[in-house]
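Trainee: My questions will all concern the structure given below.
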């Protein structure tokens, strides 16, 4: 019987019987493929435990699966590559997937902030990381958000003037959709929008929910500048509903898991892409002072 881990992931069915250490590479990799069909992503250490193999062996297996287009390597693990345009990870899956990358992206994005700016913060797990970073700053900001978790993280922060337009809460999420939020955004003008998305490719940024996409389009229209914050696992795919042309995004901030050839392709298209080096970001996070304005 399939077991569930503490964070809601499914363990391989063979785990209960014990997996032999000398399992041939092909069989182990096939079991890993089966596991990734049920789980969004995993760390090297987690997969090492599940498949009873050394971390170095797991790294080689993940490199092989990445070469076959099954997964995309991340800092310290891998995530599966999107197979269906309608697929959307659950809140728990998103929270535990590429968490280091999302935190590093959030720290980098905060460097775009300056005193007395007005900003829109989108919804999703990357935005929750961003809200935590914004909450640690010491500059005055006006923050508009339709995400209840973002709002909760910024409540009672003396440097933040918080505005929550309102709406109906999306099932099993933190997003407020519909009215009165949409009308409120229609009449708003802010300095920057920090956007999230389920997928991005060379043509467009996309997501899975039409209502959510309508909200994101309104946010982009309300802002003078839009920065897309998206981890590298979400590149080279497309969700069912387009949000905006990639050329309409002022900057994409991602992690160093984005391959050099993809990075260069975006540059040739005139799209500004910033790749955060995870090692450098870890040093920033270890510092005594929170990120401040550029």
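Computed from the coordinates by the stated procedures, all read-outs in this text should not be read as laboratory data. Note that the structure is a prediction, hence the values are computed from the model and not measured. Counting neighbours? That spans all protein chains shown, and the Cβs are built from the backbone with ideal geometry, glycine included.
Trainee: Let a ≥ b ≥ c be the square roots of the eigenvalues of the Cα gyration tensor of segment 155-257; is it rounded (a/c under 1.5), or, if not, prolate (a/b larger than b/c) or oblate?
Mentor: Taking the square roots of the gyration eigenvalues as a ≥ b ≥ c, segment 155-257 is prolate.
Trainee: Order these by the 10 Å Cβ neighbour count, fewest first: 62, 177.
Mentor: In order of increasing Cβ crowding within 10 Å: 177, 62.
Trainee: Step by step: find N for segment 92-286, compute 2.2 N^0.38 Å, then divide the Cα radius of gyration by it. What's the final number?
Mentor: That works out to 0.95 for segment 92-286.
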